[in-house]
1. Scan region 210-229 residue by residue and report those that are more than 28 Å from ILE251 (Cβ to Cβ) and away from the ligand (no atom under 14 Å from the Cβ).
2. In this structure, does LEU237 turn out to be surrounded by 22 or more Cβ atoms within 10 Å (Cβ to Cβ) and modelled with pLDDT of 95 or more?
3. Tally time: how many residues in region 240-257 are among the β-branched types (Val, Ile, Thr) and open to solvent by 40 Å² or more (accessible area, probe 1.4 Å)?
4. Mind listing just one residue for me: the one in region 119-159 that is in a strand (DSSP E or B) and over 19 Å from ALA62 (Cβ atoms) and, of those, most open to solvent (accessible area, probe 1.4 Å)?
5. Is it the case that ASP299 is free of Cβ contacts under 8 Å to residues at least 24 places away in the same chain and over 21 Å from SER372 (Cα atoms)?
6. Please find, among TYR78, TYR50, the residue that is of a type outside the set (Lys, Arg), within 16 Å of the ligand (Cβ to nearest atom), surrounded by fewer than 24 Cβ atoms within 10 Å (Cβ to Cβ) and at pLDDT 95 or above.
7. Does THR290 count as under 23 Å from GLY169 (Cβ atoms), without any contact (Cβ under 8 Å) to a residue 24 or more places away in the chain and not hydrophobic (A, V, I, L, M, F, W, C)?
Amino acid sequence: MRGPIVSYGTDRVTRFPFFKIFITVQSNLSTMASQIPSLVELVLEASSLYKQTFPGETPQIAACAPGRVNLIGEHTDYNQGYVLPMALPLVTVVVGSPSPGDDAIIVTATGHADEPRRVNFSLPNKGSTLSPGVPYWANYVKGVIHHYRAQPLPGFKAVVVSSVPLGGGLSSSASLEVAFYTFLQQLRPDDGDKILKAVACQQAEHTHAGVPCGIMDQFVSVLGKEGHALLIDCRSLETIPVPLADPDLVILITNSNVKHSLASSEYAVRRRQCEKAASILGKDSLRDATLKDLEGFRDELDDVIYRRARHVIEENHRTVKAAEFLKRGAYHEFGQLMLESHNSLRDLYEVSCKDLDCLVSAAMEVNGVFGSRMTGGGFGGCTVTLLKAHVIDRTIQHIQERYHGTPTFFVTTPSEGARDLQLS
Ligand code: GLA
């Protein structure tokens with residue numbers, strides 16, 4: 001039986017798309033890491049769920065958007081600073097079709113076990129607004145519809161599937177928002193501005209999921225570039241792609257598979273602490289502050305605020321330096337900065353936890369590992385490790401022996417940002 005024909009970007013590809021081959025080669029580096037489903041497999045899964053949910057109908061449009069891993073530059077984005085993430089081959093796919101009327105029907109294949117997988121609601125076409133509610137996953141979608149930059153939208157039916165682990169710190173929520181926005185762009189095109197698209201998706205998270213996140217996750221999910229990490233200046237929103245496609249190098253993600261409940265409340269607390277520090281220092285944001293400024297105000301800052309600000313100021317410097325090292329292939333130096341970043345997140349910013357600390361120290365014990373750190377908001381989720389390709393299985397085995405929990409591993413490559421998929 002022939003496979004589906006799926007195309008993305010301008011490349012039309014068939015059963016053996018380059019994308020799939022590339023991922024398979026990377027995954028083959030390790031027999032111990034999780035296999036990442038190909039885009040074709042995800043589209044097939046979504047289409048088949050669509051046909052099952054809406055008998056006699058087939059989806060006409062499809063879009064996808066990736067999760068991300070941040071290599072360095074943590075908790076700097078909402079301080080107008082620098083970040084260095086890359087888009088992942090782990091993606092969210094949305095398939096669907098326009099339908100008559102003003103209703104949206106959305107079904108997800110993933111979600112928390114106790115939440116309904118299907119929602120119906122009326123689109124806010126007649127001045128009404130879409131309020132957040134339950135199920136929680138649908139709030140991301142409602143937020144994106146609310147902030148979508150070309151209204152009114154026609155009614156539609158859609159199905160969502162994802163290979164991004166939920167709540168694992170790899171931006172499953174940004175990938176859902178951006179995939180959905182990309183889907184809506186086919187339903188009713190906006191002006192195609194990618195930066196405003198990322199900002200609209202960030203707004204969706206603020207207003208409908210209640211998370212005051214920075215711009216990093218949505219930005220890299222929209223603008224990610226295959227074979228590159230992106231150095232993003234979160235103040236000007238300018239980006240510099242940094243090549244990252246050395247076949248002797250592996251970017252390993254280790255999911256601790258723990259998520260501490262502090263994660264979302266503490267995120268907002270950190271954001272407020274940074275704003276307080278900036279205001280005491282007389283700056284618009286900590287991006288404008290130097291260590292000298294900070295030391296000058298030492299007596300006016302309480303110890304916690306001082307430590308938060310110091311992390312942000314130093315992390316901005318580390319991130320810019322790290323991008324330079326990566327460009328030159330100076331992996332040892334890059335790895336050293338990753339470790340300094342982790343230690344600072346643990347000691348000054350206090351967003352790590354014993355699970356993440358254990359994963360990082362275990363990775364650092366292996367000869368051939370350049371650096372390792374927690375990635376994302378913290379309090380659980382994932383670590384990212386840079387290592388020589390030939391020590392991948394040894395590293396995974398060592399981490400498994402040292403870690404008390406049940407970690408999962410992904411061997412990843414920098415991937416392309418959101419894109420349309422053509423079904424035929
Ligand atoms: C979460 C947020 C991002 C960023 C990171 C920490 O992933 O969504 O905006 O602040 O935490 O770097």
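1. none
2. Criteria not met by LEU237.
3. 1
4. Within region 119-159, the subset in a strand (DSSP E or B) is 119-122, 156-159.
Retained after the next criterion (residues that are over 19 Å from ALA62 (Cβ atoms)): 119-122.
Numbers: VAL119: 14, ASN120: 101, PHE121: 28, SER122: 73 Å².
Among those that are in a strand (DSSP E or B) and over 19 Å from ALA62 (Cβ atoms), it is ASN120.
5. yes
6. TYR78
7. On the way: under 23 Å from GLY169 (Cβ atoms): no; without any contact (Cβ under 8 Å) to a residue 24 or more places away in the chain: yes; not hydrophobic (A, V, I, L, M, F, W, C): yes.
No.
Let's see how each residue does on (1) modelled with pLDDT of 95 or more; (2) among the polar types (S, T, N, Q); (3) touching a strand residue (DSSP E or B) at 6+ places or on another chain (Cβ under 9 Å):
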site	(1), (2), (3)
ASN257	yes, yes, yes
HIS260	no, no, yes
VAL269	yes, no, no
LEU281	yes, no, no
LEU286	yes, no, no
THR290	yes, yes, no
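The values are calculated or read from the model by the stated rules, or taken from the named source; none is laboratory data. Just so you know, these numbers come straight off a predicted model, no measurement behind them. Cβ coordinates were reconstructed from backbone atoms using ideal geometry, including for glycine residues, and neighbour counts include every protein chain displayed. The area values use the complete protein model at the heavy-atom level, side chains included, leaving out ligands, DNA and RNA. Shrake-Rupley method; radii C 1.70, N 1.55, O 1.52, S 1.80 Å.
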